[in-house]
Amino acid sequence: MARSALLNVMVQAALKAGKSLARDFGEVQNLQVSVKGPGDFVSQADFRAEKIVKEELLKARPTYGFLGEEGEEIIGTDGSHRWLVDPLDGTTNFLHGIPQFAVSIALERNGEVVAGVVFNPATDELFTAERGGGAFLNDRRLRVAARKTLSDCVIGCGIPHLGKSNHGKFLLELRHVMGEVSGVRRIGSAALDLAYVAAGRFDGFWETHLNAWDIAAGLILIREAGGFTSDTDGGTDMLSTGTVVAGNEYIQKALLEVIGRPVPKA
Ligand code: IPD
Ligand code: CA
Ligand code: CA
């Protein structure tokens, strides 16, 4: 597997930030934690990891823009390139000692995501993709799962919590999905959820209320693994709508139809 120089920069940044997260994960009880909003926490670990990623990326490409979850956006002089970074996706897991979290880094060129890296330092799993070059887990090429019928499928999702709206709408979607599939999972890191679709672990995934930094890297992983993604309206503007429905060509379509079903008559 030959990585471009740019992808190597992203991988190095993710590994370095991952090391810092792993250190902090070992001492999670000593971290300073603050509340950004209801059910929304941020810790020193998030800030430290974002600082590392930002320094590494801007050192390598000083003219690119940078949008990270925890800081002010930097508008690059370059105008056509922007990094989209979630330094710690799965903060709630992290703070509870659950080893399902990741660094997520994507590169946008003229509004299109052209490379992505998702790294889980707790499992040492590094997911990478660049446009036209395929998707990989460490050195292994990835392909989305081949199952064609929902009844055989395990589907990942995100569950809205305190502070997020539309709980009733999610329950309706879940009600429709759970009646059609083999199992539903909630991992707690959207970046990993999408990487799991790329790796064929999940047959499909859907979630709403996400941000561009949660999903940009995962979206290219899925595309390069032969999968399909849309927003919940079936459009392609996932980074703006913050909604995603993913799977192979059959399951993505089927899932989109199922979550869009109307309220059943009483
Ligand atoms: C969260 C995770 C989670 C998703 C939330 C996100 P964070 O990101 O991706 O799986 O359900 O909507 O906000 O806050 O841990 O970076
Ligand atoms: Ca996130
Ligand atoms: Ca985060």
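The values are calculated or read from the model by the stated rules, or taken from the named source; none is laboratory data. Computed from a predicted structure; not experimentally measured. So basically every Cβ, Gly included, is an ideal-geometry build from the backbone, and we count neighbours across all protein chains shown. To get the accessible areas, we keep the full protein, side chains included, count just its heavy atoms, and leave off ligands, DNA and RNA. Shrake-Rupley method; radii C 1.70, N 1.55, O 1.52, S 1.80 Å.
Using the alpha-carbon centroid of each, what span in Å lies between region 177-238 and region 36-90?
After rounding, the separation between the Cα centres reads 22 Å.
Subtracting the Cα-Cα distance from 0.36 nm times the residue separation, let me have the gained length for residue 80 to residue 5 in nm, one decimal.
25.2 nm
Suppose every K and R has +1 on its Cβ and every D and E has -1 on its Cβ; what is the size of the dipole of region 150-259 about the Cα centre, in Debye to the nearest 20?
Roughly 320 debye, rounded to the nearest 20.
State to the nearest 20 debye the size of the charge dipole of the chain about its Cα centre, where the only charges are +1 on K and R beta carbons and -1 on D and E beta carbons.
My answer is approximately 500 debye.
Give me the 1.4 Å probe accessible area per residue for the chain, excluding ligands and nucleic acids, in Å².
Ligands and nucleic acids excluded, the figure is 45 Å² per residue.
Accessible area of residue 151, 1.4 Å probe, to the nearest 10 Å²?
We get 70 Å² for residue 151.
Exceeding 30 Å between C-alpha atoms, which entries from my cross-link table qualify? They are 148/169; 36/253; 164/253.
36/253
Evaluate the charge dipole of region 5-141 about its Cα centre and quote only its size in Debye, nearest 20, assuming +1 on the Cβ of each Lys and Arg and -1 on the Cβ of each Asp and Glu.
On the way: 14 positive and 20 negative charges, 73 e Å.
Result for region 5-141 is approximately 360 debye, rounded to the nearest 20.
Could you please state how large a percent of the accessible area of the chain is carbon and sulfur, counting protein chains only and using a 1.4 Å probe?
Answer for the chain: carbon and sulfur cover 51 percent of the accessible area.
What is the Å³ per residue value for the convex hull set by the Cα atoms of region 5-141?
Taking only Cα atoms, region 5-141 has a hull volume of 106 Å³ per residue.
Can you pull the accessible area of residue 201 for me, 1.4 Å probe, Å² to the nearest 10?
Accessible area of residue 201: about 90 Å².
In the chain, which whole DSSP H runs stretch at least 20 Å along their own axis (Cα) and average 0.5 or higher on the Kyte-Doolittle scale?
Qualifying helices: 5-26.
Specify whether the C-alpha gyration tensor of region 150-259 places it in the rounded, prolate or oblate class, a ≥ b ≥ c being the square roots of the eigenvalues: rounded for a/c under 1.5, otherwise prolate if a/b is larger than b/c and oblate if not.
Numbers: a/c = 1.42, a/b = 1.05, b/c = 1.36.
Taking the square roots of the gyration eigenvalues as a ≥ b ≥ c, region 150-259 is rounded.
Could you pull out the GluC sites (Glu not before Pro) across region 13-96 that fall in loop regions by DSSP (anything but H, G, I, E, B) with no more than 16 other Cβ atoms inside 10 Å?
Of the GluC sites (Glu not before Pro), the ones in loops of region 13-96 whose Cβ has at most 16 other Cβ atoms within 10 Å are 27, 72, 73.
Once the whole set of protein chains is in place, how much accessible area is left on residue 178, using a 1.4 Å probe, in Å² to the nearest 10?
Near enough 120 Å² of accessible area.
Taking only the Cα atoms of the chain, how large is their convex hull per residue, in Å³?
So the per-residue hull volume is 118 Å³.
Tell me, in nm to one decimal, what length is gained between residue 63 and residue 249 on full extension, where the rule is 0.36 nm per residue of separation less the Cα-Cα distance? Working shown, then result.
Working: separation 186, 0.36 × 186 = 66.96 nm, distance 3.74 nm.
Computed gain between residue 63 and residue 249 is 63.2 nm.
So what is the relative contact order for the chain, in percent, with contacts set as C-alpha pairs under 8 Å and at least six apart? It would help to have the intermediate numbers written out before the result.
Values: 598 pairs, mean separation 43.4, N = 266.
It comes to 16 percent, rounded to a whole number.
Among 239, 64, 100, whose Cα lies farthest out toward the positive end of the dipole of the chain, if unit charges sit on the beta carbon of Lys, Arg (+1) and Asp, Glu (-1)?
Of 239, 64, 100, it is 100.
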